[in-house]
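> One structure follows; several queries about it will come next.
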Amino acid sequence: MRDLLPVETMSVFFAVLALLCWVIVVALVAGALVRRSRRGRPGRLEPLRDDIGRMALPLAWVIAVVTTLGSLYYSKVMEYVPCELCWYQRIVIYPFAVILGIAAWRRDAGIRVYAVPVLAIGMVISAYHTWIQAYPPSDGTSFCTADAPCTTRYVWEFGFVSLPFMALSAMVAMTALLLVARPAAGRAAIQE
């Protein structure tokens, strides 16, 4: 299996997906700023906003599934040993591969109330882990062990994209998508 999916190719692939997550976030923030600047005036972009809102839950689910599969690839196929911080990030991400699938199927944008706080916790952990991989402390961290050090860079694409950065990218994109997700037509009156 390792020969079919070389780690160099897969790492670049996942790194590009992580950067694509940031493109999504920047686009959503730019769209929100444009919409806010046009407050009170009907815009031609409203149909686009509605389309993005309807696609947001399925796209967040796809991000969660791809992140979970990528994580499993690195640990099961490449046999990278996850550190304690990696496990905490997995605890956050893995359930969303199922939960967001159900929410997307039911078109239940109300999931944001439960998902965003959990994703925020995961983002803090991922940001810290990204930081210590980019700037390893000389005295180690309280999370590191000799068997699975938190500062080991299994992946370091483009000079900054590491595994925790990929997790951070996914969680930030999922959060942004959940914030713009539109409820199903029948749920709109109840949730908004």
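> Most mobile of L100, L57, L19 per a Gaussian network model of the chain (Cα springs, under 10 Å)?
L19
> How about the stretch 41-119: which trypsin sites (Lys or Arg not before Pro) there lie in a loop by DSSP and see at most 10 other Cβ atoms within 10 Å?
R44
> At most 14 other Cβ atoms within 10 Å plus a DSSP loop assignment makes a site exposed; report the longest stretch of the chain without any exposed chymotrypsin sites (Phe, Trp or Tyr not before Pro).
By the stated rule (loop sites, at most 14 other Cβ atoms within 10 Å), 1-157.
> Rg and Dmax in Å for the stretch 78-182, alpha carbons only: what are they?
15.2, 49
> Now a separate question. For the stretch 1-38, which trypsin sites (Lys or Arg not before Pro) are in a loop by DSSP, counting at most 13 other Cβ atoms within 10 Å?
Here the sparse-neighbourhood loop sites are R2, R38.
> Select from G122, A134, F160 the residue farthest towards the positive end of the dipole of the stretch 64-176; place +1 on Cβ of Lys and Arg, -1 on Cβ of Asp and Glu, and compute about the Cα centre.
Looking along the dipole axis, the top candidate is G122.
> Can you give the Kirkwood hydrodynamic radius of the stretch 67-124 from its Cα pairs, in Å with one decimal?
12.5 Å
> Still on this structure, please answer the following. Counting only Cα atoms, I'd like the Rg/Rh figure for the stretch 1-143, Kirkwood definition for Rh.
1.03
> Next question. Considering the alpha-carbon set of the stretch 1-80 alone, what are its Rg and its Dmax in angstrom?
Reported Rg and Dmax, both Å: 17.8, 57.
> Have a look at V34, V116, V26 and tell me which one the Gaussian network model of the chain (Cα, springs below 10 Å) gives the largest fluctuation.
V34
> Taking the chain as a Gaussian network, where each spring joins two C-alpha atoms under 10 Å apart, which residue of G159, G110, G31 fluctuates the most?
Maximum among the listed residues: G159.
Throughout, read-outs are computed from the coordinates displayed, never taken from laboratory work. All figures in this text were calculated on a predicted structure; none of them were measured in a lab. When we count neighbours, we look across all protein chains shown, and the Cβ atoms used for this are built from the backbone with ideal geometry, even at glycine.
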